[in-house]
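See structure below.
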Amino acid sequence: MLFNSLAYAIFLPLVLFLYYTLRHRQQNLLLLLASYIFYGFWDVRFLSLIFISTFVDYGVGLWLQHCDQTGRKNIKKLGVIISLATNLGILGFFKYFDFFVTSADSLLSTFGLSTSLPVLNIILPVGISFYTFQTLSYTLDIYRGKLKPTKNLIDFALFVGFFPQLVAGPIERAAHLLPQIQKHRVVSQDFFYKGLYLIIVGLVRKVVIADTAGAIVDTYFANPGNFSGIQLIIGLFLYGLQIYGDFAGYSNIARGSAYLLGFDLMRNFKHPYFSKSMTEFWRRWHISLSGWLRDYLYISLGGNRKGQVRTYANLMTTMLLGGLWHGANWNFVFWGFLHGFYLVVHKLYRQLLPLNHNQNGFFTRIKQGISLVFTLCLANFTWLFFRSTSIATTQKYLNGLANIKFEIPSSLVTLLFLTFLVLMIDIPQIIKENEFTFFKFPVFWKIIFTCAAILLLFFSGGGGKASFIYFQF
């Protein structure tokens, strides 16, 4: 069920109406049923995969606790192995089976070996990468002694399937979300208004900014050879706005919906295009995934504890797998490789030229401004390898970027307008270091901005027509 659809506009108020009339335990049952309806609205068959992950990790959590209580720590790893094998096995089969088969077939054919490896054309279940990582974190945290398992199956099932963040995150940790599920919740006036605000902002980011940019981006990537270098450069920056508006918009609506239910989900974006390095970019972009990869992959590989060379290798491995997490395609792997390379270079740069905190304020601001622009351009250029669906398209796009003609295409106007909208949302939050600084505006400006948002949504059209980009991951 899409957040930007009429179905969700009916579904959410109906759930809220019933939710506000029930007590805590009844609320959890309602939310669990609503979550399964929400997911099953797309394809009810794939609910079976959520059921498998839920029952396996619920049982593994209790098994790990039993091992600790009985002193049978020698077989404790068995539970983790079962969880990893089940969850990663399901993820690997549905998301990567065809990818690895076709890649192996292509590799063997280069050596003149004819193969007939089976391709199953498997449908990728929506949100599988997100809820798989979420439920895995539960098992791993219990194994590491950071979390106690819940004995209530309904509570755990709701943790896995909570509909606001089920399909595209944020990837919540059990230590943060489970206590909110287990306790009595009161939807305060503050939560209610914050929820409405985030939903409206999220819709503007998605419907007005992302979908408008996406219509032009699709044209450029359909046949890059038909456009000049200036147009293709604008296309990359438009895609940067599209994916930011699309994914941040989803996260805003997810968090807004959760606020209306009395839940406080983690923030997944903190103005990533205002980063002054790629390291900072990954602290601001898709924060829940960055944190997951750091805590469960990078640190498990050794982090920065085993020397510089091993640190760089761990960074590259983490980002390569992070790229592969996004999709079963070599373009995502290469995108992850580039980001790993950027992080390694930035670490080397910091070691060779450490920060000088006594530097003159004026020159520091100039340096920071240059770093911000450079990081912004680097991130948007690298989106080319994320957005492109084939090597041929990437080559055509790169060739087209060199075809510079001095012109002012109409798409530049769209880019400037959409950038203005992003800045209108982000700048006040950055200045006040407060995501909800809107509520401190004078009443007049609150009315103006609210009316402007509603008008933009009304005249932009397209609501419910465009799916979210991260649904494919």
Q | Relative contact order [Cα under 8 Å, 6+ residues apart], segment 1-105, whole percent | A | 17
Q) When a footprinting reagent is the concern and you count Cβ atoms within 10 Å, what order do Met319, Met266 take, fewest first? A) Met266, Met319
Q | Cross-link pairs beyond the 20 Å C-alpha cut-off, checked among Lys95/Lys270; Lys194/Lys440; Lys194/Lys432; Lys151/Lys183; Lys276/Lys367 | A | Lys95/Lys270
(Q) Is there a quick way to get the dipole size of segment 131-224? I mean about its Cα centre, with the Cβ of Lys and Arg at +1 and of Asp and Glu at -1; what is the value in debye to the nearest 20? (A) 460
Q. By how many nm would the segment from Leu6 to Val373 lengthen if fully extended, with 0.36 nm per residue of separation less the alpha-carbon distance?
A. 128.2 nm
(Q) Given R₀ = 25 Å, what would the calculated FRET efficiency be for Arg267 paired with Ser300, taking r from the Cβ atoms and rounding to 0.05? (A) 0.50
Q) Which helices pass in the chain if a helix is a full DSSP H run, must span at least 30 angstrom along its long axis by Cα, and must have mean Kyte-Doolittle hydropathy not below 0.5? A) 47-70, 229-260, 330-352, 361-387, 410-432
Q) What is the Cα centroid distance between segment 135-195 and segment 249-300, reported in whole angstrom? A) 16
Q) Based solely on its DSSP helices, what 222 nm [θ] is calculated for the chain when runs of n ≥ 4 H residues each add -39,500 (n - 2.57) and the sum is averaged over all residues, nearest 500 deg cm²/dmol? A) -22000 deg cm²/dmol
Q: Report the relative contact order of the chain, percent, no decimals, based on alpha-carbon pairs under 8 angstrom and at least 6 residues apart.
A: 19
Q: Please work out the FRET efficiency for the pair Thr364 and Ser103, using the Cβ-Cβ distance as r and a Förster radius of 51 Å; give the result to the nearest 0.05.
A: 0.60
Q: Hey, could you grab the Kirkwood Rh for the chain? Inverse mean 1/r over distinct alpha carbon pairs, Å, one decimal.
A: 24.2
Q | Separation of the Gln351 and Phe439 label points, Cα + 7 Å toward Cβ, nm | A | 4.6
Q. Using the alpha carbon gyration tensor of segment 60-195, what are the three equivalent-ellipsoid semi-axes (square root of 5 times each eigenvalue), largest first, in whole Å?
A. 37, 24, 10
Q.
Between segment 22-84 and segment 366-412, what is the separation of their alpha carbon centroids in Å?
A. 43
Q: Determine the relative contact order of segment 21-186: mean sequence separation of Cα pairs under 8 Å and six or more apart, normalised by residue count, in whole percent.
A: 34
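Computed from the coordinates by the stated procedures, all read-outs in this text should not be read as laboratory data. Computed from a predicted structure; not experimentally measured. Reconstructed Cβ throughout: ideal geometry from the backbone, glycine too, with neighbour counts over all protein chains shown.
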